[in-house]
């Protein structure tokens with residue numbers, strides 16, 4: 001009797017394990033009845049998540065026949081794309097996902113995303129014509145629109161005016177008025193301020209000698225870009241890029257305007273005189289020092305705006321793709337886009353005015369918003385993106401490491417960058 | 001139970017033997033199911049994946065034969081990773097085993113305070129690996145604690161994690177300090193198993209302390225040296241967290257060891273099929289190394305502890 005009981009217990013355990021393992025598939029494949037949607041995001045900001053949930057709950061209330069609930073799942077920013085692809089590989093993709101601009105070509109070309117254009121154009125009151133064409137370009141392919149660029153955050157320079165004043169340096173706002181706001185002037189001020197404060201000068205935020213794509217905020221105004229428009233050939237060896245890299249190298253190792261490798265300096269904690277970053281970071285300012293936000297300085301090629309984008313896509317293979325697309329059209333309709341503008345400058349021309357954005361960004365003045373955001377989006381360059389971006393990022397980072405020493409040979413490094421990048425660009 | 005109906009004793013015995021067998025299976029079943037699901041299953045799956053081209057985004061999974069393995073043979077990135085792993089393993093085994101043995105010999109003396117020192121050297125073993133590595137990351141920064149200390153001595157320290165040779169050295173040393181205590185304890189146990197009489201006999205025969213250690217003690221603990229070396233090499237080939245936290249494989253690809261390369265291929269480049277091939281190769285290397293080390297045991301191990 002005892003033996004049989006044991007055997008039965010063992011078999012039950014196996015049966016339970018097997019059913020538990022098989023359970024996952026059955027759940028997802030049912031598209032009957034109201035769907036339970038899930039959107040992956042990289043923000044963990046409670047206010048932002050609360051706003052999303054509020055919009056989602058309103059949608060669920062109106063569409064209880066098709067949707068039973070919508071949840072927002074935060075994945076860590078650092079390996080966000082890995083998080084999504086691992087979910088897809090595991091057979092459990094989200095219904096909707098935020099997508100980095102750097103991965104945009106890869107996602108758009110893969111066929112994994114649903115074409116949103118039909119849904120957006122057919123949804124009553126959506127006003128798809130209001131979407132800024134410049135903002136959509138990265139997310140389009142063959143007339144289809146594969147993600148909605150919900151966030152168009154221009155890069156600007158945050159300035160610690162207390163530190164600059166203490167170092168007897170002119171303020172960027174005055175230099176702009178005098179038409180003298182250039183990278184050279186910015187570096188001069190940063191170096192002098194760093195000398196006085198003993199802290200860092202100008203920090204290109206998130207670069208950290210690894211995420212080199214953030215240097216695009218500098219080299220764009222030198223007329224440089226990492227690869228050609230069609231993404232097929234390397235341009236690190238172009239004269240413009242060599243000039244830009246030489247300038248950056250000098251500012252790190254000669255003038256000390258930019259902090260060197262292995263130094264951590266957080267502008268928002270008061271560790272640096274200036275930082276190049278997106279305006280969405282303004283929320284990190286706590287009033288412990290005087291600050292200003294100004295547009296990127298001019299380079300040899302004049303003034304070039306750079307924006308960082310983020311899109312929301314719907315996975316075409318998901319059982320609830322159509323419902324998810326309908327929700328996306330609701331989530332980003334004119335009324336909700338205006339509410340989301342509190343954190344994310346929308347791609348809607350009608351909303352890109354100081355008045356709308358002012359209501360949302362209490363920390364920024366109308367002048368700052370006009371100069372950096374509204375004038376900063378049309379015609380802006382986006383950060384580098386490519387269908388093979390992840391591999392290019394790693395290969396170029398590895399080669400650029402040779403540049404971050406005092407006696408580096410810029411031209412030789414640029415050549416080795418291209419040697420490493422060419423096969424990946426061609427592939 | 002109605003045993004009376006079960007027929008003659010022979011049949012009963014056969015039945016009870018069968019029941020015993022079933023009971024045996026029932027006992028091992030949970031463990032068996034666990035390892036099938038979480039060890040053997042994934043192992044087989046990885047070999048299967050390695051024969052495929054798997055594009056997660058495009059949702060394509062096509063059989064590609066040995067393509068991934070052929071690509072490995074000509075992939076300079078993989079060769080760099082093999083070299084980095086080789087340097088890391090060699091450096092780690094030499095430093096770790098040498099230091100652990102030295103510490104064990106010193107702490108094997110009957111002196112006051114040795115227990116405290118043993119606990120002191122063992123304590124990093126129980127610290128969380130990532131926490132340990134993050135703290136070392138701060139210490140090794142250009143303007144971190146170590147260079148701060150060196151500058152007090154008038155030495156201008158290097159940017160440890162940003163220069164090729166020192167980055168690898170730093171990663172090795174961080175790992176050595178983390179685990180040397182465990183090996184030290186294994187050596188201490190072995191040293192305490194060496195009979196005092198044998199060493200006394202050597203001393204009476206006029207052997208110096210070094211000679212006595214090298215010719216008497218080392219052969220007697222060679223089994224442990226072998227065990228520790230195997231564990232350290234196998235462990236060193238699996239290093240990941242230290243690389244991910246301290247150097248992300250850089251500068252250049254100087255610290256991109258095999259597991260980090262595998263991680264990049266699978267989780268940064270979404271090349272799951274190719275990464276599976278890398279992991280199969282890593283598995284084979286570890287299996288061969290272990291086999292070779294066990295085989296050579298007969299040749300140079302004089303005494304099984």
Just want to confirm a number: the relative contact order over chain A, from Cα pairs under 8 angstrom separated by 6+ residues, in percent.
24 percent
Quick calc: nm separation of the 7 Å Cα→Cβ label points for residue A:365 and residue A:339 -> 3.2 nm
Taking every pair of Cα atoms in the protein assembly as shown, average 1/r, invert it to obtain the Kirkwood radius, and report Rg/Rh to two decimals.
1.04
Expected sort for A:238, B:276, A:288 with the fewest Cβ neighbours (10 Å cutoff) up front is A:288, A:238, B:276
Cα centroid separation, segment A:317-355 to segment B:263-285 (Å):
39 Å
Across B:245-253, the residue-averaged tally of Cβ atoms belonging to other chains within 10 Å stands at 5
Neighbour counts of other C-beta atoms within 10 Å: give me B:110, B:211 arranged from fewest to most.
B:110, B:211
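For the pair residue B:35 and residue B:240, what calculated FRET efficiency results from E = 1/(1 + (r/R0)^6), where r is the Cβ-Cβ distance and R0 = 22 Å, to the nearest 0.05?
The calculated FRET efficiency here is 0.45.
Take every Cα pair under 8 Å in segment B:73-300 that's 6+ residues apart, average their separations, divide by the length, and report that relative contact order as a whole percent. Don't skip to the end; give the middle numbers.
Details: 244 pairs, mean separation 66.5, N = 228.
Relative contact order of segment B:73-300: 29 percent.
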Residue-averaged 222 nm ellipticity for chain A, from DSSP H runs of 4+ at -39500 (n - 2.57), nearest 500:
-12000 deg cm²/dmol
Of all C-alpha pairs within chain B, those more than 30 angstrom apart amount in percent to 53 percent
So the pair-distance distribution of chain A, from every Cα-Cα distance in 20 Å bins, comes to percents of 24, 51, 20, 4, 0
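Roughly what % of DSSP beta bridges within the protein assembly as shown run antiparallel, to the nearest 5?
On the way: 31 of 47 bridges.
About 65 percent, rounded to the nearest 5.
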Mean residue ellipticity at 222 nm from the helices of chain B, using -39,500 (n - 2.57) per DSSP H segment of n ≥ 4 over the full residue count, to the nearest 500 deg cm²/dmol?
-21500 deg cm²/dmol
Calculate the length of the line joining the C-alpha centroid of segment A:66-105 to that of segment A:238-259, in whole Å.
37 Å
Using only Cα atoms and rounding to the nearest 10 degrees, what angle (0 to 90) does helix A:46-62 make with the longest principal axis of chain A?
40 degrees
Residue exposure sequence - A:383, B:178, A:363, B:196 - by fewest surrounding Cβ within 10 Å
B:196, A:363, B:178, A:383
Which whole number gives the average count of other chain Cβ atoms within 10 Å of the Cβ atoms across peptide B:138-149?
2
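Need one value for B:282-290: mean number of C-beta atoms belonging to other chains within 10 Å of its residues' C-beta atoms. Display every interim value, and only then the final one.
Details: counts 0, 0, 0, 0, 0, 0, 0, 0, 0.
For peptide B:282-290, the averaged partner shielding equals 0.
How high is the FRET efficiency from residue A:303 to residue A:206, r the C-beta distance, R0 22 Å, rounded to 0.05? Please report the intermediate quantities before stating the final value.
Numbers: r = 22 Å, r/R0 = 1.01.
Efficiency at R0 = 22 Å is approximately 0.50.
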How far is the Cα center of segment A:270-287 from the Cα center of segment B:48-122, in Å?
40 Å
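If r is the Cβ-Cβ distance from residue B:203 to residue A:74 and R0 is 60 Å, what FRET efficiency results, to the nearest 0.05?
Numbers: r = 67 Å, r/R0 = 1.12.
It comes out at approximately 0.35.
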Specify the angular offset, from 0 to 90 degrees and rounded to the nearest 10, of the alpha carbon long axis of helix A:80-89 from the longest principal axis of the alpha carbons in chain A.
30 degrees
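Taken together, the values in this text are just the output of simple stated rules run on the coordinates, not laboratory data. Because the structure is a prediction, the values reported are computed rather than measured. Positions of Cβ are backbone-derived with ideal geometry, glycine not excepted, and every protein chain shown enters the neighbour counts.
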